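A.B. asks: Below are the structure tokens for one structure; questions will follow.
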Amino acid sequence: MTPTPGPVPVPGRTRLRRLRTSPAMRRLVAQTRVDPADLVLPVFVREGLTEPRPLSSMPGVLQHTRDSLRRAAAQAAQAGVGGIMLFGVPEHRDATGSQADAPDGVLNVAIADVVAEVGDALVVQADLCLDEFTDHGHCGVLTPRGTVDNDATLERYASMALAQADAGAHLVGLSGMMDGQVAATRDALDAAGRTDVALLAYAAKYASAFYGPFREAVESQLHGDRRTYQMDPANRREAAREVAADVAEGADVVMVKPAMSYLDVLADVAATSSVPVFAYQVSGEYAMIEAAAAQGWIDRRGAVTESVLSIRRAGADVVLTYWATELAAWLVEERR
């Protein structure tokens with residue numbers, strides 16, 4: 001039996017370029033969008049500074065004073081940015097990171113300052129990890145053999161969470177990659193009646209070379225690496241187990257970090273997660289674009305915009321980026 005021929009293509013009928021003919025047309029049919037509310041601004045506040053201190057490896061990023069931090073938070077809120085993530089850099093460190101949960105510690109004071117400045121105009125988020133506060137630079141308490149003691153570290157995280165909640169944090173970001181960290185922190189907050197504080201689990205945080213400039217920003221004391229607790233960059237499917245465990249323990253949000261170098265992982269997580277997915281465009285990813293733009297090798301604004309768009313396209317609901325306030329202003333300008 002002779003098969004019935006299909007329709008004969010008419011020359012010129014299929015013209016995919018028709019939907020690219022103008023900026024208005026491209027906006028109309030865009031499948032992915034970035035809004036200022038999708039962005040979170042990571043910021044560093046350094047104890048003891050009298051003036052903001054520029055970071056050589058992250059042009060345009062500062063270690064803030066308390067006053068300049070409040071100004072940065074107000075600017076982010078005015079630009080329509082969704083949130084701010086606070087990192088504290090203390091003057092004094094010790095083996096257990098005692099300043100991390102001290103009420104007058106730099107991070108907890110910074111949380112209170114930002115909440116007083118912007119109220120609910122931003123989701124005020126705080127990094128919940130010990131690495132900035134320890135004299136050895138690891139994300140937890142060490143055993144006598146020098147390895148990170150997972151369960152002793154959980155006790156410190158629980159205490160940090162309570163201190164950050166008391167300071168006014170709306171969300172705490174568990175970035176240490178300890179097993180059971182979400183459950184331990186959720187239990188501590190709930191027992192204290194702080195069921196209102198949300199938990200962001202850095203569920204798929206990889207032991208990445210792209211964190212280099214961040215080490216300058218927090219004046220890291222780390223010697224060696226964090227490969228015994230952060231994820232192996234070779235592993236993709238393992239991220240699903242980490243995310244599932246954190247959600248089961250009570251995570252309200254999960255994170256993939258870094259973002260640009262792990263878009264495959266981000267897409268996997270976004271396709272299966274039952275909670276919102278954040279992604280962190282980390283310091284090294286920021287620094288590479290800034291360095292190339294400074295040399296005139298790429299268009300800075302175009303590269304910044306495209307890089308964040310790619311993270312959203314891969315599935316991130318929210319992107320942490322050091323360009324958050326600047327990018328938000330561009331987005332508003334483009335829509336006028």
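The values are calculated or read from the model by the stated rules, or taken from the named source; none is laboratory data. Because the structure is predicted, anything quoted here is derived from the model rather than measured. With ideal geometry, Cβ positions are generated from the backbone for all residues, glycine too; neighbour counts draw on all protein chains shown. For the accessible areas, the whole protein counts, side chains as well, though only heavy atoms, and no ligand, DNA or RNA atoms are used. Shrake-Rupley method; radii C 1.70, N 1.55, O 1.52, S 1.80 Å.
A.B. asks: Quick one: Ala329 ticks every box in (1) out of contact with any Pro (no Cβ under 6 Å at 6 or more places or on another chain); (2) of a type in the set (A, V, I, L, M); (3) open to solvent by less than 30 Å² (accessible area, probe 1.4 Å) except a single one, so which number is it?
C.D. replies: Unmet for Ala329, out of (1) out of contact with any Pro (no Cβ under 6 Å at 6 or more places or on another chain); (2) of a type in the set (A, V, I, L, M); (3) open to solvent by less than 30 Å² (accessible area, probe 1.4 Å): (3).
A.B. asks: Of everything in the range 99-139, what is surrounded by 19 or more Cβ atoms within 10 Å (Cβ to Cβ), under 20 Å from the mean Cα position of the chain (by Cα) and part of a loop (DSSP other than H, G, I, E, B)? Give them in sequence order.
C.D. replies: Hits for the range 99-139 are Leu122, Cys129, Leu130, Asp131, Glu132, Phe133, Gly137, His138, Cys139.
A.B. asks: When you go through Tyr206, Tyr202, Tyr211 one by one, which is the residue that is open to solvent by 10 Å² or more (accessible area, probe 1.4 Å), of a type in the set (Phe, Trp, Tyr) and touching a residue at least 12 places away in the same chain (Cβ under 8 Å)?
C.D. replies: When all the criteria are applied, what remains is Tyr211.
A.B. asks: Right, another one. State the number of residues belonging to the range 37-53 that are closer than 22 Å to Ala329 by Cβ and either out of contact with any His (no Cβ under 7 Å at 6 or more places or on another chain) or among the polar types (S, T, N, Q) (or both).
C.D. replies: The total comes to 6.
A.B. asks: Report those strands (runs of 3 or more DSSP E) wholly inside the range 34-98 carrying at least 2 residues which are small (Gly, Ala, Ser). Break it down into steps so the answer makes sense when it comes.
C.D. replies: Values: elements: 39-46, 62-64, 83-89.
The strands (runs of 3 or more DSSP E) meeting that bar are 83-89.
A.B. asks: Related question: Given the condition in contact with a Leu (Cβ under 9 Å, 6 or more places away or on another chain), surrounded by fewer than 19 Cβ atoms within 10 Å (Cβ to Cβ) and closer than 29 Å to Leu39 by Cα, answer yes or no: does some residue in the range 171-182 qualify?
C.D. replies: Taking the range 171-182 and keeping what is in contact with a Leu (Cβ under 9 Å, 6 or more places away or on another chain), we get 171-176, 178-182.
Those left that are additionally surrounded by fewer than 19 Cβ atoms within 10 Å (Cβ to Cβ): 179-180.
Narrowing further to those that are closer than 29 Å to Leu39 by Cα: 179-180.
Looking for residues that are in contact with a Leu (Cβ under 9 Å, 6 or more places away or on another chain), surrounded by fewer than 19 Cβ atoms within 10 Å (Cβ to Cβ) and closer than 29 Å to Leu39 by Cα, one finds at least one in the range 171-182, hence yes.
Results for (1) aromatic (Phe, Trp, Tyr); (2) crowded, with 16+ Cβ neighbours inside 10 Å; (3) without any contact (Cβ under 8 Å) to a residue 12 or more places away in the chain; (4) touching a helix residue (DSSP H, G or I) at 6+ places or on another chain (Cβ under 6 Å), shown as yes or no for each residue.
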residue: Ala240; (1), (2), (3), (4): no, yes, no, no
residue: Glu249; (1), (2), (3), (4): no, yes, no, yes
residue: Ile289; (1), (2), (3), (4): no, yes, no, yes
residue: Gly296; (1), (2), (3), (4): no, no, yes, no
residue: Asp299; (1), (2), (3), (4): no, no, yes, no
residue: Ser310; (1), (2), (3), (4): no, yes, no, no
residue: Val319; (1), (2), (3), (4): no, yes, no, yes
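A.B. asks: Here's something else I'd like to know. I want to confirm something. Restricting to the range 302-336 and keeping residues that are outside any helix (DSSP H, G or I) and more than 17 Å from Gly83 (Cβ to Cβ), which single residue is modelled with the lowest pLDDT?
C.D. replies: Per the criteria, the residue is Arg336.
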